[in-house]
Structures are given as C-alpha cells and as structure tokens.
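None of the figures in this text is laboratory data; all of them are computed from the coordinates on show. All values reported here derive from a predicted model rather than from experimental measurement. Cβ sites come from the backbone with ideal geometry, for glycine too, and all protein chains shown count toward neighbours.
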C-alpha cells in the first residue's frame, strides 16, 4: 500500500531536492535527548527583613542562599467586611519591585512593566494571572482576598539565566508600595487594607547535589567574570492628555487626522519590544471612570512611531491586533476577557510561545534622531466632565549582566 506513495514521491523533483538537503533529519534515527541532572526542588517562604506597608513605603526581603531561584511570587492579602476589590487592583497597591545585589539595584519591575508583561501572555498563562491577581474580587465569608504577583525579572525568562543565589553575593527584593494602596468599594480614599503580616515572598529553589553543583561552579566561574544576556524594562516619562465629555456615556476619542499624544523616547538601549498603554491619571480627580478600582487601560485607536525623519510603524484600528507577529505568519491576541487587550505592543522581532528562548531581533535607539511614539485613544465616560490621562511607553531591552567570579557580585555591564 505504501509502495505507491513512495514510488510517486521518488519521481518528485521537490521531494528529491528536500531529501538531498543538509537540513533533512530522520526522527526515527535513535538519539538521546538532553537529560537534566536530578535536583531537589522546593518552595520557600521569605518574610520581610525591614520596612512596612503604607502609601509610598518600602519593604525589603533578603533572599535565602538555598540554591538556584526559578520562580518568585509576591503574596499579599486585603481584609475588610463586605467589600469588593476592583479589577487590576495591583496598579494601586504596587509602585515598583526592585531586585538588588549587594544593595545595588540590578533590575526593576514597575507597575507598568507588570501590566505590559501580563498583556503579552498567551491565554493559558494569562488565565492564571487573571484569577490570582487581575480579576474583580467579590465579598466573601472570610472577608479576605489573597493576591499573588508573579515577579518575572529577565533572569527568570530562561532556565540558563536563573539566579544562582547559592553562589551570588547576598541579594534582596525591595517592594515600593503605591500612593493609593487602600482600595475597595469606597475607592482610593478607603476600602480594604493590606495585612502586613500577610505579605511575603514565595520562592521556588532548585538545589543540585554536590558533584553537579561543583560542575556549575567549574564551568561558569572559571573566568574572572560570567557574562549573561537577559532583558530588563525601561519606562519612558509619561505624557498627559485631557479629554472632556458633555453628557453621560459619551464616547470621546481623539481625531485621527490631528496630531496624537507624543512620547519622546529618551532611552538609548537596544529595545526588543515597546508596550503602549493609556490610563486615567492616578490622582483620580473629581471624575473617576469607576469608583471601586484603579483605572483600566483604555482603547488605543492608532500608534505612529517615527525617528530620524522616517516612519517606522503606523497602524490603526483593527490593524493593531496584528502587531504581535508569530513565527508562523499569524498574530496573537492574548486575551479578550480584560482591558489588558488595550495595551499595544510594537515588536522588533517575532512573538514566541512562552516568550523565551530566542533573541529574534532588537533595535538600538542610541543613533536614532528624535524617536517619537504618537498615540491616539478613546474612552467612554461614566459621567460628564474632564479627565486627565497618562500615556506610557514601556521598553523591554537587551542587557548583558556580569557576575564576578571572585565575589559573586551581579551587575549590569552593557546595555548598548
């Protein structure tokens, strides 16, 4: 039965060309796949070493030297009888989270960095974050809501760059709480409070046996420095825009034929991706869109990126859904159940499942003259009045980190 197929294939010029290619690979020629050495995997709870919960306050967690860190979760709880918590409440709770080596900041995740990360997840990954952090919480009999924030610094995006806390100099995580940290049915002026005793880090550690760990030390730190490529975020200064509605439910949008809100790009790093979001200003003002939670990203209608007198990117409307190009020629829309779909991404390379493994492309901003991203957006007002909006551009850039073999100190050695 199969002979007629093979006979037909043998007369095909295309198939004969493919079979003669150096790229041909027979999957049934036995070969052993890579096998990782067995290791002990455990989750460890780390409580604060200093600081407290409060508006604009900081809290520091010293990381234990148990092994190689694979995952980091920030956990906090909010309590209060009969209250709900609005969607994207973490934007009020967290201002930024910093990773420190020997008390020096080596990587940062701001609330806008976290927002950008979550907007780029595939649906299966997004569902977990949505359920544990982003979605609206209704009142429950325990009068307590627990939130889990995945802290995916660039080091955690690749198994090859996971933090070797057993070797590195002492490292820590510093959380800076937001200015509107209390938030619930009463809005930013009141609502649910965070329980300080319920704030902790949960780390997943991987610890090898002595011989395998000795191999890691011998291979990685036989030179004065170990250099590793990773990524880190940079937030451009926000630009502001006022929109005014005359009556309830008015749809107010910027005129696409007029200039958009301009964000000047001051960063000079090599950027892989740009994330653009628009939210009502955190000052809340007299006319909040919603009274029970932080303000959601609003719909973006057009984005234009120019530099050195040239147009690099200009897409509007439904075209923006196709800005996340995948390796198979199609694009991805990560979720349609939250307003995070309103965060727009400009890629220099390709979207890849799980977001790691391949450095497909980057763009050096250093030699570009006057790089500007223009943004047009719209919103549906709940009540009449004028509202102030922040237009934020977040950049995910390539960085080279070096670890000193003699001391274990980690630092940024090159960003362009």
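Helix-only estimate, please: 222 nm mean residue ellipticity of the chain, summing -39500 (n - 2.57) across DSSP H runs of length 4 or more and dividing by its residues, to the nearest 500. Walk me through the numbers before you get to the answer.
Numbers: 6 runs with 47 residues, N = 416.
Mean residue ellipticity, 222 nm, calculated: -3000 deg cm²/dmol.
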key: Approximate spin-label separation residue 60-residue 17, in nm, with each point projected 7 Å along Cα-to-Cβ   = 6.5
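Could you work out how much longer the chain between residue 43 and residue 24 gets when fully extended? Use 0.36 nm per residue separation minus the Cα distance between them, nm to one decimal.
2.5 nm
Which order do peptides 118-127, 387-396, 325-334, 370-379 fall in by mean Cβ count within 10 Å, highest first?
Going from most to least packed, we get 387-396, 370-379, 118-127, 325-334.
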remark   = Contact order relative to length for region 1-92, counting C-alpha pairs under 8 Å separated by 6 or more residues, stands in percent at 11
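If a/c stays under 1.5 just call it rounded; otherwise compare a/b with b/c (prolate if a/b is bigger, oblate if not). Do that for the chain, with a ≥ b ≥ c from the square roots of the Cα gyration tensor eigenvalues.
Numbers: a/c = 1.72, a/b = 1.20, b/c = 1.43.
Oblate is the answer for the chain, as a/c is 1.5 or above yet b/c matches or exceeds a/b.
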ask   = If each of residue 196 and residue 52 carries a label point 7 Å out from its Cα toward its Cβ, how far apart are those two points in nm?
value = 0.4
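For region 39-224, take N as its residue count and report Rg(C-alpha) divided by 2.2 N^0.38 Å. All intermediate terms of the calculation are to be shown ahead of the outcome.
Working: Rg = 17.8 Å, N = 186, 2.2 N^0.38 = 16.0 Å.
Rg over 2.2 N^0.38 Å, computed on Cα atoms: 1.11.
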Dmax and Rg, reported as Rg then Dmax, of region 232-401 (C-alpha, Å) = 16.7, 53
ask   = Which of 314, 62, 242 comes first, and how do the rest follow, when ranked by fewest Cβ neighbours within 10 Å?
value = 242, 314, 62
message = Just want the ordering: 212, 107, from fewest to most Cβ atoms lying within 10 Å of their own Cβ.
response = 212, 107
note = Simple SL model, points at 7 angstrom along Cα→Cβ for residue 337 and residue 7; separation in nm is 5.5
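Which of the peptides 36-42, 17-23 is most tightly packed, and how do the rest follow, going by the mean number of other Cβ atoms within 10 Å of each residue?
Values: 36-42: 11.3, 17-23: 8.4.
My ranking of the peptides, most packed first, is 36-42, 17-23.
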Gain upon complete extension [residue 386, residue 70; 0.36 nm per residue less C-alpha separation] = 109.2 nm
query = Share of Cα-Cα pairs in region 1-126 beyond 21 Å, in percent?
reply = 67
